[in-house]
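Comments concern the structure below.
The values are calculated or read from the model by the stated rules, or taken from the named source; none is laboratory data. A quick note: this is a predicted structure, and the numbers were derived from the prediction, not measured. Glycine gets a Cβ as well: all are built from the backbone with ideal geometry, and neighbour counts include every protein chain shown.
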There are 2 protein chains.
Amino acid sequence: MAAMGSKDGGGGGGGMAAQAGRLGVVASVAFNLAALAFYLRRRYFGGDDAAAVRKKAEAEVAPSSGKPPVTKDSIINLDHGDPTMYEAFWRGGAGERATIVIPGWQTMSYFSDVGSLCWFLEPGLEREVRRLHRLVGNAVADGYHVLVGTGSTQLFQAALYALSPPGPSAPMNVVSPAPYYSSYPAVTDFLKSGLYRWAGDAKMFDGDTYVELVCSPSNPDGGIREAVLKSGDGVAVHDLAYYWPQYTPITSAAAHDIMLFTVSKCTGHAGTRLGWALVKDRAVAQKMSKFIELNTIGVSKDSQLRAAKILKAITDGYDRAPAAGDDDDDSSRLFHFARRKMVSRWAKLRAAVAASGIFTLPDELPGHCTFANETVSAYPPFAWLRCGKEGVDDLEGYLRERKIISRGGGKFGADGRVVRISMLDTDEAFAIFVDRLAAMN
Amino acid sequence: MAAMGSKDGGGGGGGMAAQAGRLGVVASVAFNLAALAFYLRRRYFGGDDAAAVRKKAEAEVAPSSGKPPVTKDSIINLDHGDPTMYEAFWRGGAGERATIVIPGWQTMSYFSDVGSLCWFLEPGLEREVRRLHRLVGNAVADGYHVLVGTGSTQLFQAALYALSPPGPSAPMNVVSPAPYYSSYPAVTDFLKSGLYRWAGDAKMFDGDTYVELVCSPSNPDGGIREAVLKSGDGVAVHDLAYYWPQYTPITSAAAHDIMLFTVSKCTGHAGTRLGWALVKDRAVAQKMSKFIELNTIGVSKDSQLRAAKILKAITDGYDRAPAAGDDDDDSSRLFHFARRKMVSRWAKLRAAVAASGIFTLPDELPGHCTFANETVSAYPPFAWLRCGKEGVDDLEGYLRERKIISRGGGKFGADGRVVRISMLDTDEAFAIFVDRLAAMN
């Protein structure tokens, strides 16, 4: 996972809904109400005629976000890693090839492949997942079971379920080295499971029985991680949500026991809620599949069909334009498109940080990328922004006063002088953010 | 929910996957291998050209089930309520109007409506849910919050989460009168939550603090249920998955605190994994929404867009053909189509039971249906089949030997001389089933 997820702590109404909702409402009341109303009016359900489904769809399609557009005075919400940056790519030529048509009678059954270990996995999705990993070279898929989940968040919980002993023993300890993804503690503990429990920073843990969550590249700070705990009966779950060429050099094909991926951060389709896992051990894969059966009786086939079509469009895009040198046309090469965006955004962010003088960022991490076949820097999906200014001990609050919503270090097991900032929002929101940042001193 | 779900008990590899998988494989090895291969070859991902997306889709569409077709000698699996019976309807005229087209750039954000309590609910789905309830009159939606879930199974868990006290108190007791839906115990207990725990048959429970699951019409036996526990601090969750006119007379608009529905059993689209809840109390709705945020960061927008289109096609079908008398054309009236099927199937089943002489079924329950505006009988989605033959104490096993897979009474808190049989499978499977049943004596 390592996606975004909710704010931890607090009971009940906190988190994503409240945070984004409250701010969205405040913002819209202040200056975006007309724009919001316009947006809502453009939404999906309009006409009533049958006939030309294709033409109808063009008139009826929904916007890709329920968020109002930003203006120069807006509150800019970069708390969540909402990957709307990718929309421009999918509105181009590749998007046409990713369009999906689902007739009313299709995929009505619970089952996708009744003889398969993961009986709710569409065979076409599995094929495209394997094909994409072969193209990118970021993970070994041969010899692994492919599982599908409702986002990798569900697969993360499935892994905890599968790796915890079923007996009446004490709960399995779940750890991750700080700074860790802020949702790990909340998602691990929200049901007070007797099977597993959050046990904090892996670097401080000294027991023998644990699951270590290894998020690499790391959410929040973009660093490359390996398991820090290697003794005892521990097992690692590798969250590779960001191990894609637009964010980091692909230095080798990962081959860990359990590897989690998601379309959200690979292709930008967060709303599709579709993740997958590559799992080596058959019994673990079976138990993970069982979790998803009990939790949601499988995974939406509509999402699976769509994700398969999207992954296919990406791989086909590279089959079509295999030349690595032709940097002028990225319209069918997703990773090139996204990398160019990330390079440009990081350059703007570093310039703003330099202009301001009160912030610092992690150093650039270069490496040889086997996919790009050149040495490139990492351009993480989140900026881990630290403030050195005297008196600013709560950087999240400091930025909030300046109408920038970020996620404070405390939620990642770090201090309050650092925040996580999404680098994946719209061009408009990002541009306003860097302008404001540059003016702080 | 009350959908289908897994077999309870047992650790690990049991349940739906294993059950259906093993049998599917055995069956296919025996006589269906060629047909299965043919099916798989017809699957979604074929061509590579761009251009005419609509035409392409027609050539590429997937079958709606990963199950091999049945033959006269097949194992007939009626364990799960897989609602493939509905496929014929959606292949007709109404299906054309339910076709959905999703362009590559659509609904990429996590958010659907950032200012809403349920921020991941597509506004168009909410509109169609309310419209359908107004048409059918089975539930009051005005004044209720609408929540969306990955099937109603997820909403059931969300309700348990929302209704359990967050403090360090003992887990909330979860009860339901036997025979209860077999997934309730398994789904309640699989994570050994400290918030809630399965406490069995509501009729045997004598505590004060509980959640009572009221499934009406009841899965497995089709009976109309009301909460049996009315004292103390108990709260009821009404699982109304089957409160639709094809299964039971709609006698009044339900107006309970929490009501769960699912497209699986209303329209037959189980693979879409889409349920909704009508919730009266705002704080409960917020906590349920929070559960879904933590569990899966919302619900697939592709599923939501599709479900909205399907519900719209149903309601439009009645707007188009409002005459109640014209029973000859059900091609755009889902509930009439499905009811006609259920009437026919129940007649065949009762005839087979009479021919056999060793089985009994629950009595027919007539009532005045406000939707049909006439007195009709109930035709439940499951047959609760009891065997009086000497020596048959394990009816599930007895039928299995005769290549009929059912779910035994023990899993519903009942005895072994009764089983639950799905009435919603394909015409072919159902016909073979009743033929075999009639021959047993």
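Numbers below:
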item	result
Whichever residue in segment B:81-116 is modelled with pLDDT under 95, over 20 Å from A:Ser112 (Cα atoms) and part of a helix (DSSP H, G or I) and, among such residues, is farthest from the other protein chains (Cβ to nearest Cβ)	B:Gly93
Flag if A:Pro381 is in contact with a Phe, Trp or Tyr (Cβ under 6 Å, 6 or more places away or on another chain) and farther than 24 Å from A:Val136 by Cα	no
Test result for B:Leu163, among the hydrophobic types (A, V, I, L, M, F, W, C), more than 22 Å from the chain's Cα centre (by Cα) and crowded, with 22+ Cβ neighbours inside 10 Å	yes
Residue within segment A:220-234 that is touching a residue at least 24 places away in the same chain (Cβ under 8 Å), buried (at least 24 other Cβ atoms within 10 Å of the Cβ) and touching a His at 6+ places or on another chain (Cβ under 7 Å) present	no
Total residues in segment A:117-160, condition within 8 Å of another protein chain (Cβ to nearest Cβ) and either more than 24 Å from A:Ala270 (Cβ to Cβ) or touching a Gly at 6+ places or on another chain (Cβ under 8 Å) (or both)	7
So B:Trp276, is it surrounded by fewer than 24 Cβ atoms within 10 Å (Cβ to Cβ), of a type in the set (A, V, I, L, M, F, W, C) and in contact with a helix residue (DSSP H, G or I) (Cβ under 8 Å, 6 or more places away or on another chain)	no
Answer residue from segment B:361-395, given it is part of a strand (DSSP E or B) and more than 24 Å from the chain's Cα centre (by Cα) and is surrounded by the most Cβ atoms within 10 Å (Cβ to Cβ) among those	B:Cys387
Options B:Gln154, B:Gln106; residue that is farther than 23 Å from B:Thr315 by Cα and within 17 Å of the chain's Cα centre (by Cα)	B:Gln154
Conditions (1) part of a loop (DSSP other than H, G, I, E, B); (2) in contact with a Cys (Cβ under 9 Å, 6 or more places away or on another chain); number of the one not met by B:Ser169	(2)
Pairs, first within 11 Å of chain A (Cβ to nearest Cβ) and surrounded by 24 or more Cβ atoms within 10 Å (Cβ to Cβ) in segment B:181-193, second part of a helix (DSSP H, G or I) and at pLDDT 95 or above, C-beta under 7 Å, six or more apart	B:Val187/A:Leu294; B:Val187/B:Thr153; B:Val187/B:Phe156; B:Val187/B:Gln157; B:Thr188/B:Leu160
Flag for B:Gly200 being part of a loop (DSSP other than H, G, I, E, B) and either in the same structural domain as B:Leu240 (by TED's automatic domain parsing) or under 25 Å from B:Leu424 (Cα atoms) (or both)	no
